[in-house]
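Structure first, then comments.
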Amino acid sequence: MHLGPWTRLALASVATLLASAAAADLGAQSAEAPDSVFARQHYAKWTFRIPMRDGARLFTAVYVPRDASPERRYPIVLTRTPFPVAPYDSTAYPAALGPDRYMLREGYIFAFQEVRGRYLSEGDFENVRPLLPDSVKARAPRATDEATDAYDTIEWLLRHAGGNNGRVGLFGVSYGGYYAGLAAVSGHPAIAATSLQGPVADFFFEDFHHNGALALGSFYAYPVFGVPRGAPTGSHWWLDAFGSVAAHGMADDYFFLLGLGPLRSITDRYYGENVWWREMVAHPTYDDFWRARALPARLTRVTHPTLVVGGWFDAENLWGTLAAYRALRAQNPQAAVSLVMGPFGHRGWAARDVIHSVHGNLYFGDSLETRFQRDVEAPFFRAHLKGDGDGPVGALMFDTGRKAWVRFAHWPSATAVRRDYFLHADGALSAAAPTARSAFVEYVSDPRKPVPARCAGPTIEDGALYHYMSDDQRCFTSRPDVAVFQTDTLREDVTFAGGLTARLTVSTTGTDADFVVKLIDVYPPEEPGHPYQRDTTIRLGGYQQLVRGEIMRGRFRHSFGAPAPLRPNQAAEVTVDLPDVFHTFRTGHRIMVQVQSSWFPLFDRNPQRYVPSIYEADGGDFIAARHRLWVGRDASGSRLQAMILP
């Protein structure tokens, strides 16, 4: 088959594309990698088609230590994924095997399974397939979901994977984390430990949406999840559809996606037959379709130790990581639940052989990824699957301002206190409440000229999102459609440690609007650079680092399930919840908040004229509107609420 340039790009960037995350699950790189040589020497490879209770057979690759025997037994680590568990040749080994090379050398039975309907596994695939109610399973013993498939797989492996010690660990990153979470609630008694790492948790609040606003950053991922497979295959059946889309606009996604016009153009030109896109269009609000697929509410009846891992700069599943941790703690008080959050992008903590740990232009230390794998991940599985040592407990959190690890009993820390930062009409940001009775800051938002997501470069990098999460925001402070508020130069360190909530009082001349709130660390002019910057032309003196940002669609201010228009020129309360941060604003820095009403092409454009579904809006619905942020005491002051460590 001839591979055009964009098709080759899709394959070459397999480790960073959401669409090809499977290779990252297995660490697929060069066949000559040292870990591959070690695996070939010390592990026997087997491939099986494991039967499920309804008769469907799921393709599974199993790697067993060559010295496994009745006298020398090893625990099983199971990963279930919608991506390929290649290489399929029984004599070929992936470049890296298992969660990390320390576990590889300590010895485990590693099992990797393609979930139902994907690649060589039989059955029909359903994106974020929901769990069946217990009552349905009781009436229909052959009924299946991802929990029963995991249960049946574990049962089969315990009987057929010779040399196992009867203990099973579950491991999954990103989409694999979703499947690991559903396996964890399967109730199989052999499960002794689970690690959910950057797990998919709810596509209405991450990946494909944020608070119901469509994440256009996932534009290129739809073929992977929405093109039907047909018969089992070891090939990327979705690749032709991906290539035809990726051939347009990847180098300049702002103007390409803006030129497409309303979302209905995407339906007409690209994804009209795409199953997943059609489901998104059919469910523009948070209805039963989304609730049935939400992982956090299903994380119940977990009794074994669980390690949740994520990155502060994860552009895909930061929300899901924190939501999974909170749900596990709240719904399973009998389980030991630990959390690790580092200065990583999506999957960054799983990278191997990293010398300098950086995100974008920011340097955080040396070999932080390796230290996590060696000092946290490997000991966790060793303790609970082999009974050797103590696994990590509590919350190990990286302060992205001080650039240091801090351990807490849980997250957020019990010592954190709430502090309000008020927005003032003169552009100040302070803990002092406004004194003016009625004051506002206003700007005109025009969806035909949306605020870019980045100062330079594409937002969607090789088909995925990454650098914008810590980008320099300097270019936006002078835009007339961005409201800017900042503190005086700090005289002492201020540590944000927990969730953020922006409580805005707004009015608009339109009938709908988005509100984007960004928390920014403004570096002092004398801030030195470092030799590991991605872009050496950017000076860190005066750098405005995005610490956290989030979007909220005004129509959902009361309910994600029951949207309602804004009333023109009438004040309304809009609450924007931002994912947690752990960041110290250092002495000499400033704290900045930017508020705007578009963030493109990271998110789709709000027409600002209310329509029942933005997927069906036409060009005439996109209008400029004047927005006001009310900051006087009559409106109780628009403000950012943060958890602060004293």
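Rundown of residues vs (1) touching a helix residue (DSSP H, G or I) at 6+ places or on another chain (Cβ under 6 Å); (2) more than 21 Å from residue 154 (Cβ to Cβ); (3) not basic (Lys, Arg); (4) not in a loop (DSSP other than H, G, I, E, B), yes/no style:
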| residue | (1), (2), (3), (4) |
| --- | --- |
| 60 | no, no, yes, yes |
| 63 | no, no, yes, yes |
| 75 | yes, no, yes, yes |
| 118 | no, no, no, no |
| 132 | no, no, yes, no |
For the subset of segment 282-328 comprising residues that are of a type in the set (Ser, Thr, Tyr) and buried (at least 21 other Cβ atoms within 10 Å of the Cβ), which member is nearest to residue 465 (Cα to Cα)? 321
With the condition kept exactly as written, say whether any residue in segment 562-571 is surrounded by fewer than 22 Cβ atoms within 10 Å (Cβ to Cβ), touching a strand residue (DSSP E or B) at 6+ places or on another chain (Cβ under 8 Å), of a type in the set (A, V, I, L, M) and in the same structural domain as residue 448 (by TED's automatic domain parsing). yes
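Residues checked against (1) farther than 18 Å from residue 518 by Cα; (2) touching a helix residue (DSSP H, G or I) at 6+ places or on another chain (Cβ under 9 Å):
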| residue | (1), (2) |
| --- | --- |
| 562 | yes, yes |
| 576 | no, no |
| 580 | no, yes |
| 583 | no, no |
Just one of (1) within 25 Å of residue 121 (Cα to Cα); (2) at pLDDT below 95 trips up residue 245, so point out which. (1)
Only one of 192, 183 that is under 20 Å from residue 151 (Cα atoms), touching a helix residue (DSSP H, G or I) at 6+ places or on another chain (Cβ under 6 Å) and surrounded by fewer than 24 Cβ atoms within 10 Å (Cβ to Cβ): 192
Applying the selection to segment 241-278, what residues are in contact (Cβ under 8 Å) with a residue 60 or more places away in the chain and of a type in the set (D, E, K, R)? 252, 253, 264
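Residue under question is residue 385, and the condition is that it be outside the structural domain of residue 110 (by TED's automatic domain parsing), modelled with pLDDT of 95 or more and not in a loop (DSSP other than H, G, I, E, B); does it hold?
Values: outside the structural domain of residue 110 (by TED's automatic domain parsing): no; modelled with pLDDT of 95 or more: yes; not in a loop (DSSP other than H, G, I, E, B): yes.
The answer is no for residue 385.
Results for (1) more than 26 Å from residue 372 (Cα to Cα); (2) in contact with a Gly (Cβ under 8 Å, 6 or more places away or on another chain); (3) not charged (D, E, K, R), shown as yes or no for each residue.
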{"position": "88", "(1), (2), (3)": "yes, yes, yes"}
{"position": "98", "(1), (2), (3)": "no, no, yes"}
{"position": "131", "(1), (2), (3)": "yes, no, yes"}
{"position": "166", "(1), (2), (3)": "yes, no, yes"}
Which listed residue, of 548, 503, 491, 555, is loosely packed, with under 14 Cβ neighbours inside 10 Å and either touching a Cys at 6+ places or on another chain (Cβ under 9 Å) or in the same structural domain as residue 586 (by TED's automatic domain parsing) (or both): 491
Taking the criterion of being under 29 Å from residue 288 (Cα atoms), outside any strand (DSSP E or B) and touching a Ser or Thr at 6+ places or on another chain (Cβ under 8 Å), would at least one residue in segment 78-93 satisfy it? yes
Are there any pairs, at least 6 apart or on different chains, whose C-beta atoms fall under 6 Å, with the first in segment 426-452 and on the phi > 0 side of the Ramachandran plot and the second among the aromatic types (Phe, Trp, Tyr) and outside any loop (DSSP other than H, G, I, E, B), and if so, which? 427/485
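What are the residues in segment 526-577 that are aliphatic (A, V, I, L, M) and under 19 Å from residue 358 (Cα atoms), if any? Step through it out loud before you land on a result.
Kept after step one, since they are aliphatic (A, V, I, L, M), are these residues of segment 526-577: 538, 540, 546-547, 551-552, 562, 564, 566, 571-572, 574, 576.
Listed by number, the residues that qualify are 538, 540, 546, 547.
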Segment 102-126 residues that are free of Cβ contacts under 8 Å to residues at least 24 places away in the same chain, paired with ones that are surrounded by fewer than 24 Cβ atoms within 10 Å (Cβ to Cβ) (beta carbon under 9 Å, 6 or more apart): 124/56; 124/116; 124/117; 124/228; 124/229; 126/116; 126/117
Of residues in segment 137-167 being among the small types (Gly, Ala, Ser), exposed (fewer than 15 other Cβ atoms within 10 Å of the Cβ) and more than 24 Å from residue 178 (Cβ to Cβ), the one modelled with the highest pLDDT: 166
Flag for residue 178 being assigned to a helix (DSSP H, G or I), under 12 Å from the mean Cα position of the chain (by Cα) and at negative phi: yes
Go through segment 351-389 and count every residue that is surrounded by 20 or more Cβ atoms within 10 Å (Cβ to Cβ), in contact with a helix residue (DSSP H, G or I) (Cβ under 7 Å, 6 or more places away or on another chain), within 30 Å of residue 528 (Cα to Cα) and aliphatic (A, V, I, L, M). 1
Under 9 Å between Cβ atoms, which residue pairs at least 6 apart in sequence (or on different chains) link something in segment 613-633 that is at positive phi and buried (at least 19 other Cβ atoms within 10 Å of the Cβ) with a partner that is charged (D, E, K, R) and not in a strand (DSSP E or B)? none
Subset of segment 432-458 that is in a loop (DSSP other than H, G, I, E, B) and hydroxyl-bearing (Ser, Thr, Tyr) - its residue that is nearest to residue 622 (Cα to Cα): 438
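Just need a number here: residues in segment 459-483 that are in contact with a helix residue (DSSP H, G or I) (Cβ under 8 Å, 6 or more places away or on another chain) and part of a strand (DSSP E or B).
Just the residues of segment 459-483 that are in contact with a helix residue (DSSP H, G or I) (Cβ under 8 Å, 6 or more places away or on another chain), to begin with: 459-465, 482.
Applying the additional criterion that residues be part of a strand (DSSP E or B) yields 460-461, 464-465, 482.
So the answer is 5.
The values are calculated or read from the model by the stated rules, or taken from the named source; none is laboratory data. Keep in mind that this is a model prediction, so the values were computed, not measured. Virtual Cβ from ideal backbone geometry, glycine too; neighbours counted across all protein chains shown.
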